[in-house]
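Below is one structure, written out as structure tokens; comments come after it.
The values are calculated or read from the model by the stated rules, or taken from the named source; none is laboratory data. Please read these numbers as outputs of a predicted model, since none were measured by experiment. Every residue, glycine among them, receives a Cβ derived from its backbone with ideal geometry; neighbour counts consider all protein chains shown. For accessibility, only protein heavy atoms count, side chains too; no ligands or nucleic acids. Shrake-Rupley method; radii C 1.70, N 1.55, O 1.52, S 1.80 Å.
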Amino acid sequence: MNNRVTLTRFIIEQQANVPDASGTFTMLLSNIVTACKEIAQKVNRGQLIGVLGSAGSENVQGEVQKKLDIITNDIMVNSLNWTGHLAGMASEENDEFISIPPQYKKGKYLAVFDPLDGSSNIDVNLAVGTIFSILRCREGVEPEEGDFLRKGTEQVCAGFVIYGPSTMMVLTTGNGVNGFTLDQGIGEFILTHPNMRIPEETSEFAINMSNQRFWETPVQRYIDECLQGTEGVRGKDFNMRWVASFVAEAYRILTRGGVFLYPWDNRDPKKPAKLRLLYEANPMAFIIEQAGGLCSTGRERILDIKPSGVHQRVPVILGSKNEVQRIVDYHLQS
Ligand code: F6P
Ligand code: MN
């Protein structure tokens, strides 16, 4: 098995296809990979090292922070702030964007991340993940918030790591989507899922049904029709999954198709949507579209949204092309 392609080899070979590439991006990615391996270790060892449970604090989103939310955020920040490749970072766990400490060189990229997605699952030993996105920045400047507010179409790279039965990294730089499995024995990610493609048809949906009464009509209609199964207009039975971990839902959709909805709802006027545009919806949308799927708010392509804030929330409907298109059509008709 010595012809296995490691993630390091894969990104170095990809870099060779980019004229004038300086290697900076490759090195940045390699630092992210190292951070994610460290996170994988912490998540895997769990209570053995006392990292489970609540930290007793709240983040800017008003969500209760788990100890691992803070630990994994520190790992990401401290693995990336010294590298000289970044001009700044933004994280789900930090109210403001993160500047590079003055003792370190600043680079031409910005990193935005959710260090531990699905962290409500951590204490019940279900899959969690890290989501990240790389953007370009004006060079040689101290970034301002506006530098982070770039449309998803401008992402240089997006990826996520899922800490599940296997630890896997899924990555795109705009040339398709590739999946790598962490070989714990050698500490390297190995290319195991080249050129991932989402089936266009599906009969599996994922939505938090407990919010049903708060949804808009097009989403009500779509889910009603799925639930009617063979007796309804769809003429087939649907299956449902809800892991409550965005990375896990996205990974399932990347491997066997499906549709995921965290739609607009009227539960709380201050939070008409749940997922965050910059470090959840955009990286996932880039990956899903690169794998042949679609990602929309129901009314707009996610990647075309001009962000208004680092922690902006958006409705997310993503997955198998034909199904997402149907939901978008229902929104257009309403
Ligand atoms: O990061 C937000 C998140 O935890 C996602 O990973 C997941 O898809 C969603 O929230 C779960 O939401 P709920 O708690 O409503 O099921
Ligand atoms: Mn998250």
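Just a few scattered comments:
- If only the Cβ of Lys and Arg carry +1 and only the Cβ of Asp and Glu carry -1, the dipole of the range 204-333 around its Cα centre is close to 320 debye.
- Ligands, DNA and RNA excluded, the heavy atoms of Tyr330 present near 20 Å² of accessible surface to a 1.4 Å solvent probe.
- Backbone amide hydrogens, once placed in the peptide plane, bring His311 within less than 5 Å of nothing, excluding anything fewer than 5 places away on its chain.
- Per residue, the convex hull around the alpha carbon atoms of the chain comes to 143 Å³.
- As a length-normalised measure over Cα pairs under 8 Å and 6 or more apart, the relative contact order of the range 227-325 settles at 30 percent.
- 222 nm mean residue ellipticity, helices alone, for the chain (DSSP H n ≥ 4; -39,500 (n - 2.57); rounded to 500): -9000 deg cm²/dmol
- Stokes-Einstein D in µm²/s, Kirkwood radius over Cα pairs - the range 20-79 at 20 °C with 1.002 mPa s viscosity: 165 µm²/s
- Protein accessible area in the chain, 1.4 Å probe - carbon and sulfur %: 48 percent
- Overall Cα dimensions of the range 62-104 - principal axes, largest extent first, Å: 32, 17, 14
- According to the Kirkwood relation over distinct C-alpha pairs, the hydrodynamic radius of the range 204-333 is 14.7 Å.
- In this simple spin-label model, placing a label point 7 Å from the Cα along the Cα-to-Cβ direction at both Glu231 and Glu145 gives a separation of 5.1 nm.
- Cα convex hull of the range 1-116 - mean projected area over all directions, nm²: 9.5 nm²
- Residues in the range 304-334 reached by a label modelled at Glu154 [backbone nitrogen below 20 Å; 7 Å Cα→Cβ]: 304-314
- Dipole magnitude of the chain about its Cα centre (Cβ charges: Lys, Arg +1; Asp, Glu -1), debye to nearest 20: 300 debye
- Extension gain (nm, one decimal) between Thr255 and Arg4, 0.36 nm per residue minus Cα-Cα: 88.3 nm
- Across the range 193-203, coupling constants 3J(HN,Hα) worked out from phi with the 6.51/-1.76/1.60 Karplus curve, θ = phi - 60°, read 10, x, 6, 5, 10, 8, x, 6, 9, 7, 10 Hz, and Gly and Pro carry x.
- Residue order for Tyr279, Tyr251 - accessible surface, 1.4 angstrom probe, largest first: Tyr251, Tyr279
- Mean Cβ count within 10 Å, highest first, over the residues of peptides 145-152, 172-179, 85-92: 85-92, 172-179, 145-152
- Rounded to the nearest 20 debye, dipole of the range 90-144 from Cβ charges on Lys, Arg, Asp, Glu: 480 debye
- The length gained on full extension between Glu13 and Arg301, counted as 0.36 nm times the residue separation minus their Cα-Cα distance, comes to 100.5 nm.
- Sites Glu58 and Arg136, calculated FRET efficiency, Cβ-Cβ separation with R0 45 Å, nearest 0.05: 0.90
- Hull shadow area, averaged, the range 248-288 [alpha-carbon convex hull, nm²]: 3.3 nm²
- What the chain shows is 43 Å² of accessible area per residue, with the surface traced by a 1.4 Å probe over protein heavy atoms.
- Full extension of the chain between Thr217 and Val124 gives 30.1 nm of extra length, using 0.36 nm per residue less the Cα-Cα distance.
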